[in-house]
Amino acid sequence: MGIETRFAVKHREHLKEPEMYRVVLLNDDYTTMDFVVTILELVFHKPTAEAEAIMLDVHKNGRGVAGLYTEDVARTKAAQVHALAVQKQFPLVCVVEPDK
Ligand code: TYC
């Protein structure tokens, strides 16, 4: 076994998958469905059909997962959602929580 292979094998054992975080959208009575779909398309890069399905899931069940990311990306996306919601004066809230 060559030096590079031995190095790779030895060091791979110290690598861990990053902890993942959910960005969860919460339902409310005032934010428009169109705005939530737009958020899911723009911030979370969901295709329209999937964005509509997630929005309806949140509308019916009170909350729903917009996406799963490393913590810094999840918090950045949550901040982007908040900034866009404030801009349009919608009370839309999303929270970041560890995925197990
Ligand atoms: N419940 C809102 C309405 O009826 C739509 C909505 C969906 C709001 C998802 C927020 O995260 C949300 N206009």
By residue number, the members of segment 23-38 that are open to solvent by less than 60 Å² (accessible area, probe 1.4 Å) and in contact with a strand residue (DSSP E or B) (Cβ under 8 Å, 6 or more places away or on another chain) are V23, V24, L25, L26, D28, V36
Could you please find all residues in segment 1-22 being open to solvent by 100 Å² or more (accessible area, probe 1.4 Å) and either at pLDDT below 95 or within 9 Å of the ligand (Cβ to nearest atom) (or both)? M1, I3, E4, R6, F7, K10, R12, E13, H14, L15, K16, E17
Please go through segment 32-43 and give me each residue that is out of contact with any helix residue (DSSP H, G or I) (no Cβ under 7 Å at 6 or more places or on another chain) and assigned to a loop (DSSP other than H, G, I, E, B), ordered by number. T32
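The values are calculated or read from the model by the stated rules, or taken from the named source; none is laboratory data. Computed from a predicted structure; not experimentally measured. We place every Cβ from the backbone using ideal geometry, glycine too, and count neighbours over all the protein chains shown. Side chains included, ligands, DNA and RNA excluded: accessible areas come from the protein's heavy atoms. Shrake-Rupley method; radii C 1.70, N 1.55, O 1.52, S 1.80 Å.
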